[in-house]
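**Q** Please see the structure below; I have some questions.
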Amino acid sequence: MARAQPDFDEFVAAQVDDLLRTAYLIAWDASEAEDLVQECLLKVARRWPRVRTMDQPRAYARRILINLATDGARGRARRRVELDPPPAGVTEQSVDPLAALDTHVELVEALGLLPPRQRAVLVLRYFHDLTESQAAEVLGCSPGTVKSNASRGLARLREVFELSPQPGAPRYE
């Protein structure tokens, strides 16, 4: 058991940023993401002697995190709508090195409009570069479910960006 603690500490140090990023992109709230990661790591710690012998302890932790995030999504969405102020208006982009950051922020904001399951699929597929099969394994569903959720999520993102063109972007009509 003395060996388990340093192993777990190393695992947490190596994975916490990735888990936080994933939790935020799914839960859409920084403090909620921190809570989800804490709960996830607590579950992993309880099973650490078995988890550390797994081929993919990182995938196991990610699956726990995704399950925690999607299981409580409805309550979080309701609280967010009731408590959060409306998002700030879009400001004009200037040509500078930070312009890509604005695009990234807009993408992350658009992700927040998706249902949690679609958001989870897109995060796993495109932020974590998992295959459809790998994402299906993490989510505990079929690859077909991953494909349909990805398709619907991407279609919704296209709608969002078509309805709100970037200031200064050329219009094709």
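**Q** Within region 113-159, which residues are among the small types (Gly, Ala, Ser), without any contact (Cβ under 8 Å) to a residue 60 or more places away in the chain and outside any helix (DSSP H, G or I)?
**A** Correct list: 142 only.
**Q** Taking region 28-43 on its own, how many of its residues are out of contact with any helix residue (DSSP H, G or I) (no Cβ under 9 Å at 6 or more places or on another chain) and at pLDDT 90 or above?
**A** The number of residues fulfilling the criteria is 2.
**Q** Cβ-Cβ under 7 Å, sequence separation 6+ or interchain: first residue in region 44-61 and over 15 Å from residue 14 (Cα atoms) and open to solvent by 90 Å² or more (accessible area, probe 1.4 Å), partner at pLDDT 90 or above and not hydroxyl-bearing (Ser, Thr, Tyr). Which pairs?
**A** Correct list of pairs: empty, since none qualify.
The values are calculated or read from the model by the stated rules, or taken from the named source; none is laboratory data. Computed from a predicted model, the values in this text were never measured in an experiment. All Cβ positions, even for glycine, are placed from backbone atoms using ideal geometry, and neighbour counts span all protein chains on display. All accessible areas refer to the heavy atoms of the entire protein, side chains included, with ligands and DNA or RNA removed. Shrake-Rupley method; radii C 1.70, N 1.55, O 1.52, S 1.80 Å.
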